[in-house]
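Worksheet: the structure to be examined is printed underneath.
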Amino acid sequence: MPIPPHQGMGCFAKGCLVIVIAGTLLICALGVGAWFVYGRAVTRFTSPQPADVRIENISDVDLRSAEEKVNRLEQASANNQETTVEFTGGELNALIARGPLFAEANGPARVAIADSTLTLELSVPLDQTLLPKLKGRWFNGTANVAFSFSDEEFLFELKSGEANGRPLPEEFFIGFAPALNRTVNESFRREIEKNNQATVFWQHVKTITLNGDKLVVTTQRR
């Protein structure tokens with residue numbers, strides 16, 4: 001039985017969480033593709049075709065649980081209250097699958113969480129990198145990422161990953177991390193500045209962390 005769309009959800013459910021979990025990591029993927037084409041063959045790390053990473057069979061339980069938790073966060077922000085909410089990987093995938101950010105692409109990413117690490121599988125067009133020979137090419141790969149949010153900034157640590165079925169070398173993760181964190185935080189600030197409701201919400205987010213197999217969001221009083 002199809003899950004009916006939830007009505008009346010605020011800014012967080014309509015895109016903020018997706019921006020955090022997937023949108024910012026899509027920026028990471030674009031950076032991965034950009035970094036590698038300078039030193040490696042385009043055909044080695046990119047593909048002429050997208051990969052199928054659609055999220056299918058979203059369960060009623062995951063979607064409704066995710067919506068309830070999103071509502072709790074929104075209410076805590078609106079009422080200037082402290083609260084802590086934990087999301088599973090299944091709940092995040094439910095939000096990504098139903099979120100407007102990926103509506104046209106039909107879900108170009110899916111996530112899993114284990115051992116305080118988020119694994120992102122995604123397929124991203126590289127046309128916008130504006131680098132030679134990338135028109136019509138795709139970054140298809142996975143990234144294992146540890147990250148946190150505090151003091152209004154994200155901190156990402158790329159642990160491992162692969163592109164086009166090939167493992168990414170260790171030196172990439174060391175060299176690319178500063179640029180990734182700078183790019184993600186700059187893009188994040190630009191996005192929330194476009195929406196007053198989003199700005200207010202994020203002022204109340206104290207921390208976001210990965211703990212075991214959960215994404216933990218804590219709000220604060222302002």
| query | Taking amide hydrogens as modeled 1.01 Å from N in the peptide plane, which residues meet the under 5 Å criterion relative to Ile58, leaving out close sequence neighbours? | reply | none
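Please give me the summed charge of the neighbours of Glu82: other residues whose Cβ is under 10 Å from its Cβ, Lys and Arg +1, Asp and Glu -1. Let's see the in-between values first.
Details: positive: Lys206, Arg221; negative: none.
Summing Lys/Arg as +1 and Asp/Glu as -1 gives +2.
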| note | Diffing segment 184-199: the Karplus 3J(HN,Hα) column from phi (6.51, -1.76, 1.60, θ = phi - 60°), in whole Hz with x for Gly and Pro, holds 4, 5, 5, 5, 4, 5, 4, 5, 6, 5, 6, 9, 4, 5, 5, 4
| said: Under 5 Å between amide hydrogens, which residues at least 5 positions from His204 or on another chain qualify, with H placed 1.01 Å from N in the peptide plane? | reply: none
| Taking θ as phi - 60°, what are the ³J(HN,Hα) couplings along segment 209-222 by the Karplus curve (6.51, -1.76, 1.60), each to the nearest whole Hz, with x for Gly and Pro? | 9, 9, 10, x, 10, 10, 9, 10, 10, 10, 9, 9, 7, 10
| query | In sequence order, what are the phi-derived ³J(HN,Hα) couplings for segment 70-82 according to the Karplus relation 6.51 cos²θ - 1.76 cosθ + 1.60 with θ = phi - 60°, rounded to whole Hz, with x for glycine and proline? | reply | 4, 4, 4, 5, 5, 5, 4, 5, 5, 9, 6, 10, 8
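Readers should treat all values here as calculations from the given coordinates under stated rules, not as data from a laboratory. Since we're looking at a predicted model, the values are computed, not measured. Note that each Cβ is placed from the backbone with ideal geometry, even for glycine, and that neighbours are counted across all protein chains shown.
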